[in-house]
1. Considering only residues that are outside any strand (DSSP E or B) and either surrounded by 20 or more Cβ atoms within 10 Å (Cβ to Cβ) or modelled with pLDDT of 95 or more (or both), which ones fall in region 477-493?
2. Of the numbered conditions (1) closer than 30 Å to Ser117 by Cα; (2) free of Cβ contacts under 8 Å to residues at least 12 places away in the same chain; (3) out of contact with any strand residue (DSSP E or B) (no Cβ under 9 Å at 6 or more places or on another chain), Asp369 satisfies every one except a single condition; which is it?
3. Which residues, counting only those in region 450-460, are under 18 Å from the mean Cα position of the chain (by Cα) and more than 13 Å from Leu538 (Cβ to Cβ)?
4. When you look at Ile418, is it surrounded by fewer than 23 Cβ atoms within 10 Å (Cβ to Cβ) and either not in a loop (DSSP other than H, G, I, E, B) or not hydroxyl-bearing (Ser, Thr, Tyr) (or both), yes or no?
5. How many of the residues making up region 384-412 are closer than 17 Å to Ile93 by Cα and among the hydrophobic types (A, V, I, L, M, F, W, C)?
6. Hey, can you tell me all the residues within region 216-231 that are closer than 18 Å to Met129 by Cα and among the aliphatic types (A, V, I, L, M)?
7. Taking region 560-572 as the search range and keeping residues that are hydrophobic (A, V, I, L, M, F, W, C) and touching a strand residue (DSSP E or B) at 6+ places or on another chain (Cβ under 7 Å), which one is nearest to Glu422 (Cα to Cα)?
8. If you check Ser398 against the conditions, is it assigned by TED's automatic domain parsing to the domain that holds Asp539, polar (S, T, N, Q) and more than 15 Å from the chain's Cα centre (by Cα)?
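The values are calculated or read from the model by the stated rules, or taken from the named source; none is laboratory data. As the structure is a prediction and not an experimental result, all values here were calculated from the model. No Cβ is skipped: glycine too gets one built from the backbone with ideal geometry, and neighbour counts run over all protein chains shown.
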Amino acid sequence: MTKQVFKLDFRGRPLQVEIGQVAKQASGAVLVRYGETVVLATAVGSKKAGTGDFFPLTVNYEEKMYAVGKVPGGFLKREGRPSEHATLTARLIDRPIRPMFPDGVRNEVQIVATVLSVDQDNSPEMAAMFGASLALGVSDVPFDGPIAGVKVARVDGQLIINPSVDQLATTEIDLTVAGTKTAINMVESDAAEVPEAEMLEALLFGHEAIKELVAFQEEIISAVGKEKFELTLAKPLPDIVDQVNELFQAKMVQAIQTEEKKAREEAVADVMAAAVEYFQTKYDSNPEFEEIIKSVNIALHDLEKDEVRRLITKERVRPDGRKIDEIRPLSSEVGLLPRVHGSGLFTRGQTQALSVATLAPLREHQIIDGLGTEDYKRFMHHYNFPPYSVGETGRMGSPGRREVGHGALGERALKHVIPSEEEFPYVIRLVSEVLESNGSSSQASICGSTLAMMDAGIPIKAPVAGIAMGLVMDDDADYTILTDIQGLEDHLGDMDFKVAGTAKGITALQMDIKIQGITEQILREALAQAKVARMQILDQITSTIAAPRPELSKYAPKIEMVKIDIDQIKVVIGKGGETINKIIDETGVKIDIDDEGNVSIYSEDQAMINKAKDIIESLTHVVAAGEVYTGKVVRIEKFGAFVEILPGKQGLLHISQIAKERIDKVEDVLAMGDDVTVKVTEIDDRGRINLSRKVLIK
């Protein structure tokens with residue numbers, strides 16, 4: 001194929017696609033140029049179906065440091081494991097693409113988006129999502145797309161598509177929305193307590209832009225797209241399905257309606273085991289034995305799914321007996337752990353999260369070595385999901401993609417209520433340990449972390465609560481929206497829509513769906529239903545702890561901030577660090593000074609912090625005529641004495657200004673080391689300070 005170029009002026013910026021020049025052995029490959037951002041997106045699909053029971057789709061987002069003219073940090077000086085941002089972006093691309101493949105696909109598909117050049121004002125993440133969809137579209141891999149995504153911001157009340165870095169710095173909404181030409185199918189957002197109606201407006205605004213990108217892809221696919229190969233979908237044998245339904249449907253319905261999670265799982269497992277044993281005995285000598293047993297397992301899973309969905313949509317009955325809009329029982333507690341800086345335990349039904357807050361000096365911020373403009377952050381939210389939380393054994397160790405994603409969601413939900421660095425000069429780390437899980441554990445972690453921050457005395461602007469909403473839609477497009485979904489409803493339903501916020505408005509959204517899109521009406525109803533639930537949870541939180549504690553834990557580091565002029569930084573540091581080291585030796589504190597003149601003083605001893613602060617303020621104080629000081633005589637000459645009125649600042653007390661009467665020698669009144677009270681009478685044009693003692697003598 002010869003190189004072909006397609007161009008679109010997308011909202012005032014050039015979007016160019018090149019096909020046929022690079023990565024020609026991939027099933028599909030496109031080079032996307034968005035401004036000066038360049039991303040290579042490739043898709044490769046196996047024509048042979050695998051033997052597993054899931055769709056093996058993988059998405060990789062490869063950050064290359066040369067894309068921003070950097071050499072990677074660390075000893076090896078080359079890219080290694082994906083950064084947190086790369087992991088989150090890979091998930092961001094996967095989520096809207098995965099629903100666009102039919103059920104039963106077992107062919108391995110891999111998408112790789114490699115960032116080659118970054119123009120910070122033209123999102124490489126959105127270019128990668130666009131390229132991933134288009135690479136699938138022009139390939140021979142069956143794909144029911146295209147999809148596209150955009151970022152939406154709101155600055156000064158104006159909604160903006162794919163905002164610049166400067167616009168993102170002041171936005172009230174940072175929204176990523178993806179979808180097809182007919183519907184939205186993925187949402188990721190944080191917001192500054194924005195009302196539901198305004199968030200919905202931003203979502204729909206973003207979808208209008210998505211339609212333009214999808215139409216552009218369709219034009220390209222029509223021109224250069226390959227013929228799709230035929231998929232062999234994993235489907236059970238019809239006769240086996242009929243037998244499973246006839247013999248085990250009633251037992252499955254009874255098992256599903258067991259209210260307690262572990263008991264329900266055991267009841268469903270017993271039905272499945274009995275069914276498999278029955279068919280193993282019946283078809284033991286059949287030459288298609290393995291295919292029959294495989295069909296039995298698929299049919300049993302489908303039966304469980306169909307019955308859960310039928311009970312919800314037709315009979316309005318949930319597996320645990322709750323109403324459609326009912327939240328599971330809530331409980332919460334603070335101060336469980338005596339030596340940590342703050343802790344909160346939040347329980348919702350059989351989902352429980354223990355969150356711990358840790359405060360540290362600003363020098364302990366996280367350093368970020370990535371492609372973006374952010375080089376450090378002082379607020380972190382980490383999420384851990386050990387296997388015991390669901391009664392299983394499993395791998396322990398570094399966090400997986402899911403844990404990284406849930407931690408980041410909690411961080412977005414909470415960051416808009418965190419006090420500024422000037423108001424609260426601490427690094428804040430929250431760790432949420434999921435102790436039990438039956439769905440919505442990420443939202444429980446947000447609630448637990450709110451409790452932990454309030455227990456720690458962090459002056460947050462408002463408490464934040466989170467809730468997960470679900471959706472079950474039948475073939476006739478009749479749907480039911482569920483409040484506070486449990487694990488089974490998440491697994492067998494069509495939507496997981498997480499909404500977090502304060503009493504005032506939304507701080508974070510995340511939506512994943514298993515169908516190809518949802519309508520404006522469903523979004524509107526889900527947001528309204530979520531708000532009611534959020535208010536109930538906020539009542540629970542504030543009944544446990546009404547406001548942040550007035551004081552920090554005695555085990556937390558104490559920090560004071562002093563603001564000095566930039567040209568005074570060298571005064572505090574001194575030659576070769578002499579002055580600052582002297583302050584540290586004298587007081588035992590630790591001191592950080594940034595390029596803006598923000599001085600952080602921290603210690604466990606408040607008295608020593610105060611002493612160091614006084615010294616720094618003295619060093620940086622600008623002496624003015626008329627001020628009175630008590631200083632120390634540090635040098636005596638025939639013509640007068642030099643008095644140190646502030647650390648490092650001396651003035652001349654002329655012999656004629658020492659006493660009202662005439663004196664012959666300075667030593668007649670003053671000696672080295674004497675304390676003397678003087679008034680500044682003049683500061684000459686060379687900055688020299690003249691002092692007088694006699695003007696203060698009455």
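1. Asp484, Ile485, Gln486, Leu488, Glu489, Leu492, Gly493
2. (2)
3. The answer is Ala452, Met453.
4. Yes, satisfied.
5. 3
6. Across region 216-231, the qualifying residues are Ile220, Ile221.
7. Per the stated criteria, the residue is Met561.
8. Against the criterion (assigned by TED's automatic domain parsing to the domain that holds Asp539, polar (S, T, N, Q) and more than 15 Å from the chain's Cα centre (by Cα)), Ser398 qualifies.
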